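The structure under discussion appears below in the form of structure tokens.
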Amino acid sequence: MVKRSRIQRLARRDEKLVIKRIVYLSVISVILAVFLFTLGIPLLGKFSDIVNSIFGKNQTETSIQNTLRAPRLDTLPTATNSAKLSVPGFSEEDTKIDIYLNDEKIGTAGVTGGKFVFDDLSLSDGQNKVFAKAVATSGSESEPSESQNVVLDTKEPTLEVESPTDDQSFSANNRIKVFGKTDKDAQVFANGFLASIDSENNFEVFVPLVEGENKLEIKAVDEAGNSKTVSLKVNFRK
């Protein structure tokens, strides 16, 4: 009987401990629930807003940059003898155009009706790389346009007339051959007739003569528009 009574007391004590633990856990759970609803959720919301403001801004800027198309330049001359060049092209509205020369920004043009023109681009002797970028009002930039190379060449082309010589006389055949040497990629004209040029830059062209004195004007023109002229007088007798 004594042993059974002791066991019963121990069981009741354990039962009370279990009940206390359940009560404590319930109270703690209620406190945690109140904290989450009153403070925790707003804090989580603020943290989420901060994260979104950081990453969302970057995503928006990246999206704007990705959707901003690069401007398109009109075809520029491959060579010119003018140190000033006009750079026209097309771009989206509400943008401005930054012009680059040899990877250095040298000016800005406005866009009107989808078109822009940058006037008086100053070229350097030799090769010049030209491209542009569109800039949105937010400050984001497009990818660069396709670059174009323009050579500034102010030297006159080579022109050596080997035949005829000045004051040379001809008879019988009134068509004479004018020939000599010039530069690669140059064109040669004799009294307006276009000469043929071989791989070694030798030119030749046939020119008709009239009775008496004839003036010959042989002119070489290179890609940049530079020219050199040689003037001769020849005589023809039937």
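Here are some notes:
- Karplus (6.51, -1.76, 1.60) ³J(HN,Hα), θ = phi - 60°, over segment 92-108, in Hz, Gly and Pro reported as x: 6, 5, 6, 10, 10, 10, 8, 9, 10, 10, 6, 6, 10, 5, 10, x, 9
- Whole-angstrom gap from segment 106-147 to segment 162-224, using each part's C-alpha centre: 44
- Mean Cβ neighbour count within 10 Å, used as a protection proxy, ranking 104-113, 73-82, 127-136, 212-221 highest first: 127-136, 212-221, 73-82, 104-113
- Under-19-angstrom lysine pairs by C-alpha in segment 159-236, whenever the two are 8 or more apart or on separate chains: 11
- In summary, segment 162-212 shows an alpha-carbon radius of gyration equal to 1.21 times the 2.2 N^0.38 Å reference for compact globular proteins.
Taken together, the values in this text are just the output of simple stated rules run on the coordinates, not laboratory data. What you are looking at is a predicted structure, and each value in this text was computed from that prediction instead of being measured. Don't worry about glycine lacking a Cβ; one is built from the backbone with ideal geometry, like all the others, and counts go over all protein chains shown.
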